[in-house]
Amino acid sequence: MKNTVFISHATPADNTFAVWLATKLELCGYNVWVDINNLSPSVDFWNTIEQTIRNETVKFVFVASAASIDPSRDGVQKELAVADKVRRQSPNFIIPVRVDDINFNDFPVEILRLNAIDFYNNWAKGLDALLKYFNDENVPKLDTNPGSQYYLDRWYTSQALIRSQTTDNTDEYCSNLFSVELPPSVYIYRSEDVAVLLRERHIPMKVNKKATITFACNKCISEWVGKEVDFIPLDTKNVLQDCVSPHTYFGETVSNLSRDVTSIINWTIGEMFYQHKMRRYRPTSEKRSRSVYFFPYGTKSKRSTNSRLKALSGIYKTTKRWHFGLSGYFTKYPTSGIIIKWHLIFTDGTGQTLSEAAQIAARRSKGRLMYNRQWKELQQASMFYLSSGTQNIFCTTCCEENAMYISSQPERFVSDKNYIDPSIYKQMNGGNDE
């Protein structure tokens, strides 16, 4: 007597779902055939598949997805063609199950008129419907089976294989490197003329005893001081390329001007975050002094002009809140630009940041199922917010004449390899991202 439930699916796109479904059905007592679990490397795989469908299969479950209905998928199309021949003697042989948002009208002609079970958005409900159908159809179960631990161990093994799979599809990747137009000039002043003033105004600077380095131009400095002050202008690009040798300015030898200017650029980035009302967070255990700036609760932004608003904060575990945060620093390698890193910061109901241990625990819990797409969308929304929807984020310590402009769009790279998006695993946990 035929007693096998055959699961036909696109490889590798639908591997995760196919193995999950197979394991669930096996735990319910059914004999299930799925290629990932049942095909050995040395066998004639197509002959094995065809014989299994024709001679052993009682129900043929076709996993309908954008990948499986693609006409170029020869393997899954051949399986469906064989199953369609069997269906002529057994009308209820094929069971389509939909796992993504493809239109039912786009189903292959072999299953176009068949009722499909919808697993899209909720695998658990889809499984309940499938099990009920099996029960109504009196699909036989195994008299004995290896036990639940056997099936669970095999499921864990298959997950390790699936998660490591790559594909040969070309894809474009967004980096966290943003091009930057730096202030054209660096200014050096006597510390006695400007240091106190710049400190009071929170202007990024570097004090080397008698000499103070800053991007604040002489025009603005003179206006703030109320008189003309001596200054030495230097070309920013030359300084960063280490083309300016150690030199004495106002009686003070400055030996590593490139490092000092880099420090001022990083400070300017932090001031830019602060000026956009982002809150500062500095973990006590952080080896570096670089701070994270996070968006206040309730902040929303579009990702592009025509997109919907994206929340940059939200509720976490009922009483707490999560916030998307950013940190940034200047790099010269492999090409000059600003590296923007993203973070998750957590606060309590009063707005106070959680302890560092609580931050780590919450970050692991909230972030464990946030994959590239989610991070990318949050990054896009935050940069759109900071740039007010323009091409650049405007940063200045004084006026537009010596401003810094950070691109709101990241550098992009094209790869001839792709990977299976792990976000599908979220569905296996009931959609709970906490």
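The values are calculated or read from the model by the stated rules, or taken from the named source; none is laboratory data. Small disclaimer: the values here were computed from a predicted structure and weren't measured. For neighbour counting, all protein chains shown are included, and Cβ atoms are generated from backbone atoms with ideal geometry for every residue, glycine included.
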The residue that is modelled with the highest pLDDT, considering only those in the range 397-425 that are β-branched (Val, Ile, Thr) and assigned to a loop (DSSP other than H, G, I, E, B), is Thr397
Tell me, please, whether a residue that is touching a Ser or Thr at 6+ places or on another chain (Cβ under 6 Å), under 30 Å from Ser72 (Cβ atoms) and in the same structural domain as Pro71 (by TED's automatic domain parsing) can be found in the range 158-169. yes
Of the residues in the range 268-290, those that are part of a helix (DSSP H, G or I) and either of a type outside the set (D, E, K, R) or not assigned by TED's automatic domain parsing to the domain that holds Arg199 (or both) number 7
Give me a count of the residues in the range 87-103 that are closer than 16 Å to Ser65 by Cβ and either β-branched (Val, Ile, Thr) or exposed (fewer than 14 other Cβ atoms within 10 Å of the Cβ) (or both). 7
Take the range 219-238 and flag every residue that is among the aliphatic types (A, V, I, L, M) and either assigned to a helix (DSSP H, G or I) or not assigned by TED's automatic domain parsing to the domain that holds Thr335 (or both). Ile221, Val225
Pairs under 8 Å by beta carbon, first residue touching a residue at least 40 places away in the same chain (Cβ under 8 Å) in the range 344-362, partner part of a helix (DSSP H, G or I), six or more apart or different chains? Ile345/Gln359; Thr353/Gln359
Quick check: anything in the range 54-62 surrounded by 14 or more Cβ atoms within 10 Å (Cβ to Cβ), at pLDDT 95 or above and under 29 Å from Asn418 (Cβ atoms)? yes
Where in the range 11-123 are there strands (runs of 3 or more DSSP E), lying fully within it, with 2 or more residues that are free of Cβ contacts under 8 Å to residues at least 24 places away in the same chain? none
Tell me which of these Ser336 doesn't satisfy, since it passes every other one: (1) exposed (fewer than 13 other Cβ atoms within 10 Å of the Cβ); (2) closer than 30 Å to Thr236 by Cα. (1)
Residue match in the range 376-396 (condition: at pLDDT 90 or above, outside any strand (DSSP E or B) and in contact with a helix residue (DSSP H, G or I) (Cβ under 6 Å, 6 or more places away or on another chain)): no
Looking at (1) under 28 Å from Ala361 (Cβ atoms); (2) in contact with a Lys or Arg (Cβ under 8 Å, 6 or more places away or on another chain), which is the only condition Lys302 fails? (1)
Verdict on Asp171 being modelled with pLDDT under 90, surrounded by fewer than 18 Cβ atoms within 10 Å (Cβ to Cβ), within 20 Å of Ala18 (Cβ to Cβ) and among the acidic types (Asp, Glu): no
Which one of Arg280, Arg321, Arg308 is buried (at least 17 other Cβ atoms within 10 Å of the Cβ) and free of Cβ contacts under 8 Å to residues at least 60 places away in the same chain? Arg321
